[in-house]
Amino acid sequence: MQGSSLALRLFVLAAIWSALSLAAAGSVLIAVYRGSAERAFDERLGVYLKTLVGAIAAQSDTAGSFREPDNVGEPRFELPLSGWYWVVRRSGDNKVVVASKSLVGDVLVLPSDVGIVPGTDRTAKGYIRGPDGQDLRIIEREISFDEQNAFRLAVAGNAGDLNEDITVFSTRTALILALVGFGLVITTYFQVRLGLFPIERMRRALFAIRSGEAERLEGTFPSEIEPLAQELNALIESNRETMERARTHVGNLAHALKTPLSVITNEARGTEGTLAARIAEQAGLMREYIDTHLERARMAAQRRVIGAVTDVEPVVERLARAMRKIFERKGVVVETDIQPGLRFRGERQDLEETLGNLMDNASKWCIGRVSVTARIEGNPRADDRRFLTIWVDDDGPGLSPEKRLEAVKRGQRLDETVPGTGLGLSIVTDLAVLYGGRFQLLDSPLGGLRCELVLPAL
């Protein structure tokens, strides 16, 4: 797919949207799981805190002294610097009353020490740095056993356990979403290709029309592009009708003009005198100009016919046989070398008239040999850029550069002594230009003149 293709745009937009959606979904899932994991961890710490409160309350006295409870519910409270700690402080002087063995005399920073405000449940929660540089999740609550004794009880757990659980979930979530994203990208690709396939079918149908294999768009198309197919068929039909009217008009015009000119010419030839000769001469020039411009109009009309395709080899071979027969007494040898399958994107009549003109001129001027060669040019995949090149060579005297320029001018002939169409090689040049090609005269490898004609190919 190219950068300007509709399929690429749809695919890229769908892929970006899928990636952003999955990334947002992943972020939300991880955030929700983190909140859920923190709540579960806090509930666990809350259970330990309630156990601690119950154990302390059971042994409280008026002096406010306590001994360490036997069991708070977590064996790691007994292990030095395990990351699991609890502590009881007096609210008034912030003095440690009793603490877990795991603290081994270190100080545990409480949420109230760092400005964390208790919530609606009168419990302060947060993250702190532990005695051994550990990340801790801690909850703190203030209780009073009597009017004189208020204490702050706190329980902390190793946040590494919590973070590890969240990291595992995040990694698995990212992996799953990546696989889902990859599947969505693949699905999007095939969805885009499938969705645009009717357009590809329409393109192939149009190519079949242009190549002469069909006359209109056939088949059923989705309702979204069915109107387009109908409009294209109407356009093709309108093009054919317009070209047919143009051909009819050209034929009628030719008949309408040539008949009076023939009468004038015949009358002038039947009359003696300078005036009659001049009238006959000018009438002949008028006929020549009319033939030239009518021929150009005919070619322009045929050039615009959609789907006109001509096989080159049969046309060349038929003209070669005709030249051999016409110039049989001269002993002209006409050689052909045509690439198999070569097809001209245009009307057969145009190709026949153009090649006939070139081969006839070559046969007239050659010593005894004429060669016609045709090859394809351009990239076979780029249909609109493919051109065929036809070389018509002879072994005659050739033409100087100045004579070549004169030969392609309007009404000029390579051989003025031999009757011809009066169109000269200018009509060949006009046809080549109309079809988007070119025509030029060069030196021939046979020693005479080379006529190089470039026309669109299929």
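The values are calculated or read from the model by the stated rules, or taken from the named source; none is laboratory data. The shown structure was predicted, so the numbers you read here are calculated from the model rather than taken from an experiment. Glycine gets a Cβ as well: all are built from the backbone with ideal geometry, and neighbour counts include every protein chain shown.
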Please enumerate the residues belonging to the range 1-31 that are touching a helix residue (DSSP H, G or I) at 6+ places or on another chain (Cβ under 6 Å), farther than 16 Å from T187 by Cα and modelled with pLDDT under 90. M1
Residue match in the range 192-204 (condition: crowded, with 18+ Cβ neighbours inside 10 Å and β-branched (V, I, T)): yes
Assuming E140 fulfils every condition listed in (1) of a type outside the set (A, V, I, L, M, F, W, C); (2) over 60 Å from the mean Cα position of the chain (by Cα); (3) farther than 21 Å from D161 by Cβ apart from one, which condition is it? (3)
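The rows are residues; the columns are (1) out of contact with any Cys (no Cβ under 7 Å at 6 or more places or on another chain); (2) in contact (Cβ under 8 Å) with a residue 40 or more places away in the chain; (3) over 30 Å from P227 (Cβ atoms).
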position: A156; (1), (2), (3): yes, yes, yes
position: F169; (1), (2), (3): yes, yes, yes
position: I176; (1), (2), (3): yes, no, yes
position: R193; (1), (2), (3): yes, yes, no
position: M202; (1), (2), (3): yes, no, no
position: R210; (1), (2), (3): yes, yes, no
Determine, yes or no, whether R34 is farther than 24 Å from L179 by Cα and either surrounded by 17 or more Cβ atoms within 10 Å (Cβ to Cβ) or at pLDDT 85 or above (or both). no
Output the residues belonging to the range 232-266 that are loosely packed, with under 12 Cβ neighbours inside 10 Å and either within 31 Å of the chain's Cα centre (by Cα) or not charged (D, E, K, R) (or both). A234, L235, S238, T248, N252, H255, A256, T259, P260, V263
Suppose we keep only residues that are without any contact (Cβ under 8 Å) to a residue 12 or more places away in the chain and part of a loop (DSSP other than H, G, I, E, B) within the range 216-252. Which one would you say is nearest to A205 (Cα to Cα)? T220
Which members of the range 67-108 meet the condition of being part of a loop (DSSP other than H, G, I, E, B), surrounded by fewer than 18 Cβ atoms within 10 Å (Cβ to Cβ) and at negative phi? R67, E68, D70, N71, L79, P80, S91, G92, D93, K95, D106, V107
Mind counting the residues in the range 129-152 that are at pLDDT 90 or above and either hydrophobic (A, V, I, L, M, F, W, C) or not in a strand (DSSP E or B) (or both)? 3
Under 6 Å between Cβ atoms, which residue pairs at least 6 apart in sequence (or on different chains) link something in the range 307-334 that is on the phi < 0 side of the Ramachandran plot with a partner that is assigned to a helix (DSSP H, G or I) and of a type in the set (S, T, N, Q)? M323/S363; F327/S363; V332/S363
Restricted to the range 303-356, and to residues that are polar (S, T, N, Q) and in contact with a Lys or Arg (Cβ under 8 Å, 6 or more places away or on another chain), which residue is nearest to N239 (Cα to Cα)? T310
Just to be sure, is R324 at pLDDT 75 or above and outside any helix (DSSP H, G or I)? no
Within the range 207-238, which residues are of a type in the set (S, T, N, Q) and at pLDDT 75 or above? T220, S223, Q230, N233, S238
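Conditions tested, residue by residue: (1) under 60 Å from the mean Cα position of the chain (by Cα); (2) closer than 19 Å to A55 by Cβ; (3) at pLDDT 85 or above.
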residue	(1), (2), (3)
S91	no, yes, no
V97	no, yes, no
S100	no, yes, yes
G105	no, no, no
P111	yes, no, yes
T123	no, yes, yes
Test G195 against the criterion of being of a type outside the set (F, W, Y), at pLDDT below 85, closer than 26 Å to A14 by Cβ and in a helix (DSSP H, G or I), and give yes or no. yes
